[in-house]
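Undergrad: Okay, here's the structure, questions in a sec.
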Amino acid sequence: MPSWRKGKHIGYCLNDKKKKKLNFQGFEDLCRKRGYEVTEIDLAKPLCEQGPFDVIIHKLSDLILESSYDSQSHQLIRDFQTYVETYSSIILLDPFPAVRLLLDRFESYRLLQDFQKQDSCIFSPPYVELNSGTGREAAARIREQGLTFPLICKTRVAHGPSSHEMALIFNEEGLGAVSAPCLLQSFVNHDAVLFKVFVVGSSHFVVRRPSLKNFPRGESARRSIFFNSHSVSKPESCSRLTELDEATLESPPPSDNVVCRAVRGLRSALGLSLFGVDLIVEKQTGRCAVIDVNAFPGYEGVPEFFSALLNHIETLLESYEQAARARVLVAEYSLHQRAPQVDSAPESTHGTDPRAPWMANSLETPKSAPAESGFFTFAVLPAVLSRH
Ligand SMILES: Nc1ncnc2c1ncn2[C@@H]1O[C@H](COP(=O)(O)OP(=O)(O)OP(=O)(O)O)[C@@H](O)[C@H]1O
Ligand SMILES: [Mg+2]
């Protein structure tokens, strides 16, 4: 067994629904088969009694959302955060700030707009944020920004049952029925096909799903359509809204090059390892639009998910160990160079870490990093090491 795998402890914290949907027991079994200790974290008990952990996987979106108005959830999230900050060599999949950002559509769509300025391989459909009042008050802004009907209305909060309640609006009158906080986004015709890209570290998987049908561009007298997004884009979805009015050839998926660039760019912009990107291909232009990004999605239709997740964890563990070893060598080398000062060297302040001594030297290691980061450290160190 390689040293970076020996005695390693993986903790996970998922709600019952997520565990059941993913059949997470299968992942536990796979980890144990490869020699890892696995523990389901109980948030009601102190984390320090359940660890120490080398890796923690979580989907705490419900709790993170609740923590903004519920003091008990707030305390649980704070305790969790304090724990991972104290033992900063823990690999956390994924860091809370990035997960929190994706719970707010205003934040995530701003990030997508910024991303498209850097890389035009994809675009984010234009939208208007509505902070207060009804959509009617946003009519002037919609015109000013050149948004055309139909518009799709999405709530600001991107997680939880009501976040999937949406509306298709075909005229200014329809705007009166939507209320803040929400956003109004240009509807992009895409032949009723959605491409869900599921990312696991440096791997990704593309799965085809049903999606909303095409609608004529421009204002029309049509009445607004209110729908739940889960009735249109889940694998089992069956809705009149996804039946095309006209016969079309099966839409080709976006090119590998576009998907890879989008995934790579979003991974580094978000600092996430586990996320999903929803892509559609614009009918008129063939351009690829990102309409949604989710933290730790369902990975439905990705049978390789567990092996990809464990491979990603192993890549991180291995690169963390290499980086920690490199740091020890560099430290030894510099001590050696400054031999007379050795006696006055300050004592290590890393005594609070109950884990292996080499881990205590990795306190500056980011809590969660894309697989590349360990290799980056390694790429800049060989010159130093070769002198050792
Ligand atoms: N700008 C758009 N143009 C055309 N169709 C869109 C657009 N935005 C969303 N849709 C359609 O609405 C569906 C739901 O949108 P979105 O992915 O934003 O919602 P969601 O509820 O957050 O999804 P998820 O279940 O992935 O969290 C999409 O799958 C797609 O069919
Ligand atoms: Mg979606």
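Undergrad: Return yes when L92 is outside the structural domain of A158 (by TED's automatic domain parsing), buried (at least 17 other Cβ atoms within 10 Å of the Cβ), among the aliphatic types (A, V, I, L, M) and part of a helix (DSSP H, G or I) and no when it is not. Spell out how you get there, then give the answer.
TA: Values: outside the structural domain of A158 (by TED's automatic domain parsing): yes; buried (at least 17 other Cβ atoms within 10 Å of the Cβ): yes; among the aliphatic types (A, V, I, L, M): yes; part of a helix (DSSP H, G or I): no.
Here the answer is no, as L92 does not meet what is asked.
Undergrad: Moving to a separate point now. I'd like to check something: does the range 205-213 contain any residue that is in a loop (DSSP other than H, G, I, E, B), of a type in the set (S, T, Y), within 15 Å of the chain's Cα centre (by Cα) and within 13 Å of ligand 1 (Cβ to nearest atom)? Write out each step before concluding.
TA: Start the filter on the range 205-213 by keeping residues that are in a loop (DSSP other than H, G, I, E, B), which leaves 211-213.
Retained after the next criterion (residues that are of a type in the set (S, T, Y)): 211.
Filter once more, keeping what is within 15 Å of the chain's Cα centre (by Cα): none.
Checked the range 205-213: no residue is in a loop (DSSP other than H, G, I, E, B), of a type in the set (S, T, Y), within 15 Å of the chain's Cα centre (by Cα) and within 13 Å of ligand 1 (Cβ to nearest atom).
Undergrad: Being among the aromatic types (F, W, Y) and assigned to a helix (DSSP H, G or I) is the filter here; which residues of the range 95-123 pass it?
TA: Here is the first cut: in the range 95-123, the residues among the aromatic types (F, W, Y) are 96, 106, 109, 115, 123.
Listed by number, the residues that qualify are F96, F106, Y109, F115.
Undergrad: Looking at the range 1-78, what helices (runs of 4 or more DSSP H) fall wholly within it and have at least 2 residues that are touching a strand residue (DSSP E or B) at 6+ places or on another chain (Cβ under 9 Å), under 20 Å from D94 (Cα atoms) and small (G, A, S)?
TA: Values: elements: 16-22, 25-33, 61-66.
Those helices (runs of 4 or more DSSP H) do not exist here; none qualify.
Undergrad: Let me ask another. In the range 138-165, how many residues are assigned to a strand (DSSP E or B) and in contact with a helix residue (DSSP H, G or I) (Cβ under 9 Å, 6 or more places away or on another chain)? If you could, list the steps in order and put the result at the bottom.
TA: Step one: filter the range 138-165 for residues assigned to a strand (DSSP E or B), giving 151-155, 157, 165.
Okay, now just the ones that are also in contact with a helix residue (DSSP H, G or I) (Cβ under 9 Å, 6 or more places away or on another chain), so 151, 153-155, 157.
Within the range 138-165, residues that are assigned to a strand (DSSP E or B) and in contact with a helix residue (DSSP H, G or I) (Cβ under 9 Å, 6 or more places away or on another chain) number 5.
Table: residues versus (1) under 18 Å from P235 (Cα atoms); (2) buried (at least 22 other Cβ atoms within 10 Å of the Cβ); (3) within 16 Å of ligand 1 (Cβ to nearest atom); (4) touching a residue at least 24 places away in the same chain (Cβ under 8 Å).
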{"position": "G271", "(1), (2), (3), (4)": "no, no, no, yes"}
{"position": "L274", "(1), (2), (3), (4)": "no, yes, yes, yes"}
{"position": "D278", "(1), (2), (3), (4)": "yes, no, yes, yes"}
{"position": "Q284", "(1), (2), (3), (4)": "no, no, yes, yes"}
{"position": "A295", "(1), (2), (3), (4)": "no, yes, yes, yes"}
{"position": "L309", "(1), (2), (3), (4)": "no, yes, no, yes"}
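Undergrad: Something else about it: Give the residues of the range 179-192 that are over 22 Å from the mean Cα position of the chain (by Cα) and either within 24 Å of D245 (Cα to Cα) or not in a strand (DSSP E or B) (or both), sorted by residue number. Give the steps one after another, and end with the answer.
TA: First, pick out the residues of the range 179-192 that are over 22 Å from the mean Cα position of the chain (by Cα): 179-181, 184, 186-192.
Hits for the range 179-192 are A180, P181, S186, F187, V188, N189, H190, D191, A192.
Undergrad: Which residue is surrounded by the fewest Cβ atoms within 10 Å (Cβ to Cβ), if the candidates are limited to the range 154-171 and must be of a type in the set (G, A, S) and over 17 Å from E129 (Cα atoms)? Give the derivation first.
TA: Let us first name the residues in the range 154-171 that are of a type in the set (G, A, S), namely 158, 160, 162-163, 167.
Right, trim to over 17 Å from E129 (Cα atoms) and you get 160, 162.
Working: G160: 13, S162: 9.
By that ranking, first place goes to S162.
Undergrad: Could you check the range 246-263 and list, in sequence order, the residues that are in contact with a strand residue (DSSP E or B) (Cβ under 7 Å, 6 or more places away or on another chain), more than 16 Å from ligand 2 (Cβ to nearest atom) and not in a helix (DSSP H, G or I)?
TA: Across the range 246-263, the qualifying residues are S251, P253.
Undergrad: Which residues, taken from the range 221-239, are more than 15 Å from A192 (Cα to Cα) and out of contact with any strand residue (DSSP E or B) (no Cβ under 7 Å at 6 or more places or on another chain)?
TA: Across the range 221-239, the qualifying residues are A221, R222, R223.
Undergrad: Also: Which one is farthest from ligand 2 (Cβ to nearest atom), of the residues in the range 269-281 that are under 14 Å from S108 (Cα atoms) and assigned to a loop (DSSP other than H, G, I, E, B)? Show your work before the answer.
TA: Step one: list which residues in the range 269-281 are under 14 Å from S108 (Cα atoms), which gives 269-272, 275-278.
Going one step further and asking which of them are assigned to a loop (DSSP other than H, G, I, E, B), we end up with 271-272.
On the way: G271: 20, L272: 16 Å.
This residue is G271.
Undergrad: If you check V197, V178, which single one turns out to be touching a His at 6+ places or on another chain (Cβ under 8 Å), in contact (Cβ under 8 Å) with a residue 12 or more places away in the chain and of a type in the set (A, V, I, L, M, F, W, C)? Steps first, answer last, please.
TA: Numbers: V178 fails: touching a His at 6+ places or on another chain (Cβ under 8 Å).
After applying the criteria, what remains is V197.
Undergrad: Consider V328 carefully, then state whether it is in contact with a His (Cβ under 8 Å, 6 or more places away or on another chain) and either not in a loop (DSSP other than H, G, I, E, B) or not small (G, A, S) (or both).
TA: On the way: in contact with a His (Cβ under 8 Å, 6 or more places away or on another chain): no; either not in a loop (DSSP other than H, G, I, E, B) or not small (G, A, S) (or both): yes.
No, not satisfied.
Undergrad: Given the options G133, G146, G174, name the one that is surrounded by 21 or more Cβ atoms within 10 Å (Cβ to Cβ) and more than 12 Å from ligand 1 (Cβ to nearest atom).
TA: Values: G133 fails: surrounded by 21 or more Cβ atoms within 10 Å (Cβ to Cβ); G146 fails: surrounded by 21 or more Cβ atoms within 10 Å (Cβ to Cβ).
One residue alone meets the criteria, G174.
Undergrad: Residue pairs, Cβ under 8 Å, 6 or more apart or interchain, first in the range 216-239 and under 16 Å from L184 (Cβ atoms), second assigned to a helix (DSSP H, G or I) and away from ligand 2 (no atom under 15 Å from the Cβ). List them.
TA: So the pair list comes out as E219/E172; S224/G174.
Undergrad: Considering only the range 231-263, how many residues are touching a Ser or Thr at 6+ places or on another chain (Cβ under 9 Å) and surrounded by fewer than 13 Cβ atoms within 10 Å (Cβ to Cβ)?
TA: 1
Undergrad: Assess whether L266 counts as being surrounded by 21 or more Cβ atoms within 10 Å (Cβ to Cβ) and either within 16 Å of ligand 2 (Cβ to nearest atom) or not in a loop (DSSP other than H, G, I, E, B) (or both).
TA: Values: surrounded by 21 or more Cβ atoms within 10 Å (Cβ to Cβ): yes; either within 16 Å of ligand 2 (Cβ to nearest atom) or not in a loop (DSSP other than H, G, I, E, B) (or both): yes.
Yes, satisfied.
Undergrad: Still on this model: Could you check how many residues of the range 185-199 are of a type outside the set (S, T, N, Q) and near ligand 1 (Cβ under 7 Å from one of its atoms)?
TA: Step one: list which residues in the range 185-199 are of a type outside the set (S, T, N, Q), which gives 187-188, 190-199.
Next cut, near ligand 1 (Cβ under 7 Å from one of its atoms) only: 187-188, 190, 194.
Going through the range 185-199 one residue at a time, the tally reaches 4.
The values are calculated or read from the model by the stated rules, or taken from the named source; none is laboratory data. Since the model is a prediction, treat every value here as computed from it, not as a measurement. Positions of Cβ are backbone-derived with ideal geometry, glycine not excepted, and every protein chain shown enters the neighbour counts.
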